[in-house]
Structure formats: C-alpha cells, structure tokens
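Right, one structure below, let's go through it.
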Amino acid sequence: MKKLIHYFLGISILTFLSIIAVFFVWHTRTKNHLNRLWYDHPAEEWTEALPVGNGRMGAMVFGKTDSERLQLNEESLWAGQPIDNNNPGAKAHLHEIQQLLLDGDIEKAVQLGEHYLLGTPPRIRSYQTLGDLFLEFSHAEEIQDYRRELDLESGIIRITYTIRSIQFTREIFISAPDNVMVVRLAASKKGCLNVTIRLIREKDAETKIIGLHTMLMTGQIVDEEDSLRGPGGHHMKFACQLNLRPEGGHIVPERDRITIHKADVLTLFLTASTDYDLEKLHFNREIIPETRCEAILEKLQNKTTKQIKETHIQDHRALFNRTAIFLGQSINRNLPTDIRLQKVIDGEEDPELIALYFQYGRYLLMNSSRFPGVLPANLQGIWNPHLNAPWNSDFHVNINLQMNYWPAQVCNLSETVEPLTEFFIRLTEPGSRTAREMYGARGWNMHHLTDPFGRTGLMDGIQWGTSPLAGAWMGLTFWRQFEFTQDTAYLKLKTYPLIKGAVQFILDFLIEDDEGRLVTAPSMSPENSYILPSNGQPYQMTYAATVDIQITKELLNACIAAARILHDEPEFVNTMQTTLERLPMIQIGSDGTIQEWIEDYTEAEPGHRHISHLFGLHPGTQITPETPEMFEAAKKTIERRLAHGGGHTGWSRAWIVNFYARLLDGEHAYHHLLQLLQKSTLMNLFDTHPPFQIDGNFGCTAGIAEMLLQSHNGVIHLLPALPVAWQEGYVKGICARGNFTLDIFWEEGKLKKAVFHSGSGGQCIVRYKDKMITLETQKGEKYGLEKFF
C-alpha cells in the first residue's frame, strides 16, 4: 500500500512540475511575443524584410534559405557635395516680391520668385544604399519549421528552419558599442554549414578578397553633371569590410567571393565607413574609410561572439526597456505578424498589435538616430535600397523630420535627439549665409529640405520650397527637448543658440502690411494651393500663411521663456513681446474652419495631405480647450479635410491621430490609428506614403503616447484620449514635460493608479478627466496618485 501511495505521489509531483514547466515556457513565449515581429516565410520584397541598425549602419534582412540577402546602409553615404545654392539675385529682388504679394499680384511675384529666389541649383542628390551581402546556401531539400523573427527587446533577428532533422539557425544584429554588424550561422549537426559569401554594389565599387578571412569593398560615388543638381565628379569615398570567424570546415577564397565548406559555426563581422566629416558638412580626404573599418574590426579580435552579443543586448535593452505598454489581450497574439495585420485590415481588433507597433516605432527611432551615428533619421530612417531614393531620402523639414522626433521625449528616448541637435548646430553656418544672402537678415534659416552637406537655399520649386520658417519649426524640437529633460546645460549651449538664431531671422524677415501687422513674405502653406479670386488660378506663394504665424508665435514664446531662464538681455525679450502683439490673429473662415491663408481663399485641394494650419493644435500648443472657438474650428477643419479624402498618406494619417488626441477624442484617434494600420502599413509594419516613408511610424507612435498622456499646456493630463477599445492596460516609463516619468494603469476604462518619478523636482499640476491636483515634488522621489482620483 505504501509503495502504491509513493507511486501516485511521485506521479503527482512529476505532473505538477511538468505543468509548472509548460506554464513557464508558455508565459515566457507569450511575454516575448508582445515585442516580436515574426513570420513563417522569408521576405520576397524589400518591404517584407526586417530592419536592424545602430544609428550609423542599417541592414534589411530577408531571411531566405537559398540566397540570403542583407541590404546594407551607412548613414552618411550620399551622392552630391556641398554647394552654396543661395540665389544671388534674391536679396536685390526680395522687397519687390514682397510688395507684389501684399498688393495681390501673385502671378508676377511667382515669376520673379522662380528667377530670383529658387536655388541655383534647385535640387539635391540622393542618400544611397551601401550594397548587399549575399549568403548562398546549397539547400536542395525541403525546408520545414521555418521561422523569421525580430526581437525588439534584444535588437536581434533570428531565422530558424529544419532540413532532414538538422536545424539551421541564423542571428543578425548591429552593435552600437562595437560598431559592427554580426551574422552568426549555426547548425544542430557539426559540419553542415556550406555557404558562399558575396559583397556587392550595383556601381561605383569593387570587392576584393584579402587572405582567407577578409572581404573588402571600396568605392567612390561618381556623380554625373546635372543642371538641376550641380556639377558632376568623384565625390564620397566609402568602404565596407567583412571578417570571417569560422569554427571547423575549410575556406576557399575566389576573386570576389569566399566559400566555406562543412563548417560547424560561422560568424561574420561587418562594418563600413565613408569620408564624411560632420564638422565640415563635407568630405574630409584625411579620413581613409578602409583604415576606419580595419580599426573597428581589430578591436574585436580579443572578444568572443558571446561577449559582443551580450554587450549589444545590454546596451540595446538599456534604451528599449525603459518603456512598456499593454493595451489589452488579443486572441491573435500567437499568429505571425503579417497574418495579424491582415486580420486588422479585414476588420478585426488586435490591441497587442497596436502595442507592438508602438514599440516598433521606438525601436526604429533608437536604431536610426543614436551614437555612434552622427546624422538624424531621414525620410527612410536609415534603411534605403536605392541609389536614387524616393524624395532622395532627404531631411524634409516642412513636417517630416519634425515628425520623426515627435516620440523621442515622450517615449523616453531623448538620446535620439542628440544627432539631430549636433547636425543642426553645424547647419546654422550655411543657414546664416542663406539668411544674410537671400533675405538680408541676421540669424539663420533654411527652407523645406536639406542634405548632410548643409543645403539651405530654396529647393525644388517655388511651389514646394517657399518655407523660410522651416528652420524655426525645427527649433521647437530642441525647445521640447529641454521641456522634457530640464537640462539647463543643453538649454544654454545648444537649444538657446539654435532658437535665438531662428528668432533673429524672423525679426528681420517680418514686414509690415497695410493694416500695420507684421507678416512673413514670401510664405506658403506646405504644399497646398489656394484659388486666387482675380483669375481663378491656383497658387502656393502668399504672405502670412497661418502656419507661419503659428510657428512664429510658438517660437517667440519658447525663446522668451528660455531667455528668462538664462537671464538673457531684457531688450531682446521686449522686442519679442512687442513682435508677438503685432502678429495677425489666427482667423476662422466663412465655413467655420481654421483659415489656412491670410485671406479666406478657396482651397484647390480641400483633401490635401498637409494640414499645416492646424500646427497650433499639434505639435503647437495654441489651440486647446481653453480657446474654445479655435478648438471647435479645429474639429471642423479636420472633418472637412477627411470629407474630401484627407489622411491618404501614412504620415498624414499619423498626424490626424495626434490631432484627435489633442482634441481629447479617443474614439476618432483610435479610428484613424486603425485606418493607418489598414491602409498605410506594410507587412513588416513599415509606414507607407506610398512608398515606404518612416515618419508615419514615428508620428503614430507619438500619437498613441498622446492618447495616454499629454503635458503641453502646463498640465500633466492622464489618459486624455483613452478609447473604449482599451478597457484595461498600462504604460510604464512614459515621460512628461518637467522631467517626470510616469507609470499609468487603468481598468474598465478608468484610471486605477499613476506613479510619478520626479527627475528634477518642482511643482506639477496633474489632471484626470475633470479633477486636478497640484504636486510638490523632490528630485529623485516617487509619488503614487491612486488615492487622489
């Protein structure tokens, strides 16, 4: 009898332990799925591949089992060269153009602008692909159990599949600390790895084999003469070096490839460099790209792959794991990502996919804009397969570059703003030449785009580029960085010089109109047109477009606040205050919407993708519930845009999510979030304009944060636009102005608890629905608010 009891007890204990083990595996896999994109097939198209990056280098991984492709990028590999394209006739004809605009002679103003304002040359060249790394396998048998995944928490892509009971594993990541891409190939049975490696580029490069273990690609971009883009010539130099570290097997080098036979494990280390010099915004021929590559890889000789991987994971998680989000459980959580997205397109809801999308946006930003990179995230972040990319993959500054950094501070990634800041500090030098040579003004300015060589003249065409306050708009990004971090050293050394220079330009650029108001001229509302009543023709050029006035007000108020903190000269503050008083009022048009131009014109495209006259609602702070008439007019403005087909591009839809969040309308914000997933999201969760453009990813990530927390009007507002669909959830590590980090929890659609971490101390006003409290905080202390609401 005792033996029988012991037998059943033993079985019970084993069963219990088995249940615990199964639960642990299930819990771990389920938890990990929250931050993983995964697929049960390789990528066929570039927009199905998965991205890795470290701010300086990027790669798109296809996960193929026959001929794997890793498309490569290095952030500074651009065609072109520095060119001062400020139109030499601009300053002499500026006053005439301004007067024509004030007099309503738009046609003649445009004609003069095309001759005397448009840049010479008017276009830039493109950000370019570095090339492709191909890994060619000799798999002839059927592939089973295929899985391709990107783990956002570790920044590692993993591909696994089985052939005849042998599991093949591939891991790819790009380490920021070691400045290298690592590709590790392994098999569950020794001696089963057979692969041929090629490193290629379509043009301007050649690859050679050095010894048994090294491939070196070197090149120089050769630009052809182009009247629109400038002189041709031999421009950017670059190099890409690949080192092999095999375990077992033997190596056969050939002219332009290396084949490895019967290896147990193979690890590839790849890095790249150009001779771009941020300090010069130019090439520096003292920089030898090959030497830089060699120096980076030499530092790895005494490090194991495991050490490099652990260092990478630790560094990556230190940024990524600051913020966590849960918006409710999904029945489709264990399905491949593309299938989940298709189900959302077909009308199903998937709150965990939205949480994944939010974290993916953070992942993309921290991997396209951080040290060791020196340039900001461009229109495609850092990932671009083209020699001539859509819109040149440029830095577009009439909303797109600004949108790239909307999630930076609120999503606890303020370090990502550092490359942007350093780039713009250098950009003020050519920007000051543009201000002086084109407009006879102090300070600095730029127009609607730039490149890494610091182009600041008026680009592309009068109808596209007449945005002389684009630099002023960018300046607000640096002010927001201070608002969130409260870093007075950053304010003094970086933010204030940038925004003061932008303000100085504005003060000199403003002219007086017939009513005694101070207005900008020339101006436009990007990139929309109005119908001029006198001739029925569409035009973009005008004076005092609403967006200009809103940017001016926002920047002057920011600069006044900064000047007072830093005790700058009172005369400068007084000048800014006097200027504010003389700016035109923002007007409501005859149809009840915010007026887009200085006159109540009819729009040529009422469904236009740009909604620039709502800058004051978002990202500006001028239209709030405390300005009820403007608040209602803003609602009507969006409704009118949408009624005529607005929001049809990914980034425009993302902006609408932010608009509705600011309007405290969670249901409409959520609706447009779903619309973005359904209509403007590719199967690898990239945003599409179309084509792929990364700003929509960043803008929508910021929009989700804006639905859960706002702090732009002096109040920290908890769950301001929470939709009914998100009945339970939390967000941890989200940030508010004043250097506060919050953990927010809710149940049944209502706030359950909020925890404040005060980074700088001081007072904050907290709101939930109609209740408000004031908190006095101490630096480094934590405060729980559940008892107040």
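The values are calculated or read from the model by the stated rules, or taken from the named source; none is laboratory data. Here the structure is a predicted model, which is why all the values come from computation and not from measurement. Note that each Cβ is placed from the backbone with ideal geometry, even for glycine, and that neighbours are counted across all protein chains shown. In case anyone asks, the SASA skips ligands and DNA or RNA and just uses the protein heavy atoms, side chains included. Shrake-Rupley method; radii C 1.70, N 1.55, O 1.52, S 1.80 Å.
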_Those residues of region 704-756 which are within 21 Å of the chain's Cα centre (by Cα), part of a strand (DSSP E or B) and without any contact (Cβ under 8 Å) to a residue 60 or more places away in the chain, in sequence order_ = Gln710
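Can you confirm whether Ile97 is at pLDDT below 95 and farther than 30 Å from Asn378 by Cβ?
no
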*Restricted to region 194-226, and to residues that are over 17 Å from Asp132 (Cβ atoms) and either at pLDDT below 95 or small (Gly, Ala, Ser) (or both), which residue is surrounded by the most Cβ atoms within 10 Å (Cβ to Cβ)?*
Leu212
_Pair list, Cβ under 8 Å, 6 or more apart: region 556-573 residue open to solvent by 70 Å² or more (accessible area, probe 1.4 Å), other residue of a type in the set (Gly, Ala, Ser)_ = Glu569/Ala563
*What residue, among those in region 128-179 that are over 20 Å from the mean Cα position of the chain (by Cα) and of a type in the set (Asp, Glu), is nearest to Arg257 (Cα to Cα)?*
Glu136
*What number of residues in region 642-667 are among the β-branched types (Val, Ile, Thr), in a helix (DSSP H, G or I) and over 17 Å from Met707 (Cα atoms)?*
0
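With the condition kept exactly as written, say whether any residue in region 406-418 is of a type in the set (A, V, I, L, M, F, W, C), modelled with pLDDT of 95 or more, closer than 24 Å to His282 by Cβ and part of a loop (DSSP other than H, G, I, E, B). Full working, then the answer.
Our first condition is that a residue be of a type in the set (A, V, I, L, M, F, W, C); within region 406-418, this holds for 406, 408, 410-411, 413, 417.
Right, trim to modelled with pLDDT of 95 or more and you get 406, 408, 410-411, 413, 417.
In the following step, the residues that additionally are closer than 24 Å to His282 by Cβ were identified as 417.
With part of a loop (DSSP other than H, G, I, E, B) added as a condition, the list becomes none.
No; the residues of region 406-418 include none that is of a type in the set (A, V, I, L, M, F, W, C), modelled with pLDDT of 95 or more, closer than 24 Å to His282 by Cβ and part of a loop (DSSP other than H, G, I, E, B).
Out of curiosity, is Leu751 closer than 24 Å to Thr624 by Cα and open to solvent by less than 20 Å² (accessible area, probe 1.4 Å)?
For Leu751, the condition - closer than 24 Å to Thr624 by Cα and open to solvent by less than 20 Å² (accessible area, probe 1.4 Å) - is not met.
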*asked:* Given the criterion out of contact with any Asp or Glu (no Cβ under 7 Å at 6 or more places or on another chain), under 24 Å from Ala79 (Cα atoms) and of a type in the set (Ser, Thr, Tyr), identify the matching residue among Thr477, Thr434.
replied: Thr434
*asked:* Can you go through Asp151, Asp103 and tell me which one is at pLDDT 95 or above, open to solvent by less than 30 Å² (accessible area, probe 1.4 Å) and not polar (S, T, N, Q)?
replied: Asp151
*Lone unmet requirement of (1) under 19 Å from Gln402 (Cβ atoms); (2) buried (at least 24 other Cβ atoms within 10 Å of the Cβ); (3) modelled with pLDDT of 95 or more; (4) out of contact with any Leu (no Cβ under 8 Å at 6 or more places or on another chain) for Phe659*: (4)
*Kindly establish whether Leu458 is in contact with a helix residue (DSSP H, G or I) (Cβ under 7 Å, 6 or more places away or on another chain), within 30 Å of Arg362 (Cα to Cα), open to solvent by less than 30 Å² (accessible area, probe 1.4 Å) and not acidic (Asp, Glu).*
no
*Identify the residue in region 755-772 that is surrounded by 15 or more Cβ atoms within 10 Å (Cβ to Cβ) and in contact with an Asp or Glu (Cβ under 7 Å, 6 or more places away or on another chain) and, among all such residues, is nearest to Gln481 (Cα to Cα).*
Ser758
*asked:* I'm checking my understanding of the structure. Among residues of region 601-615 that are touching a strand residue (DSSP E or B) at 6+ places or on another chain (Cβ under 8 Å) and not β-branched (Val, Ile, Thr), which one is surrounded by the fewest Cβ atoms within 10 Å (Cβ to Cβ)?
replied: Ala604
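Condition check ((1) of a type outside the set (A, V, I, L, M); (2) under 17 Å from Asn400 (Cα atoms); (3) open to solvent by 10 Å² or more (accessible area, probe 1.4 Å); (4) part of a helix (DSSP H, G or I)) across all residues:
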residue: Met474; (1), (2), (3), (4): no, yes, no, yes
residue: Ala489; (1), (2), (3), (4): no, no, yes, yes
residue: Leu493; (1), (2), (3), (4): no, no, yes, yes
residue: Pro497; (1), (2), (3), (4): yes, no, yes, yes
residue: Lys500; (1), (2), (3), (4): yes, no, yes, yes
residue: Gln504; (1), (2), (3), (4): yes, no, yes, yes
residue: Asp508; (1), (2), (3), (4): yes, no, yes, yes
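I'd like to verify a number: residues in region 227-244 that are small (Gly, Ala, Ser) and surrounded by fewer than 20 Cβ atoms within 10 Å (Cβ to Cβ), how many? If you could, list the steps in order and put the result at the bottom.
If we filter region 227-244 for residues that are small (Gly, Ala, Ser), which is where we start, we get 227, 230, 232-233, 239.
Among the residues that remain, those that are also surrounded by fewer than 20 Cβ atoms within 10 Å (Cβ to Cβ) are: 227, 232-233.
Adding up the residues that qualify gives 3.
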*Is it the case that region 539-558 has a residue that's within 18 Å of Ala441 (Cβ to Cβ) and among the hydroxyl-bearing types (Ser, Thr, Tyr)?*
yes
*Residue tally, condition buried (at least 17 other Cβ atoms within 10 Å of the Cβ), in a helix (DSSP H, G or I) and either at pLDDT below 95 or not charged (D, E, K, R) (or both), over region 314-362*: 16
*Assuming Thr627 fulfils every condition listed in (1) surrounded by 21 or more Cβ atoms within 10 Å (Cβ to Cβ); (2) among the β-branched types (Val, Ile, Thr); (3) farther than 27 Å from Ile511 by Cα apart from one, which condition is it?*
(1)
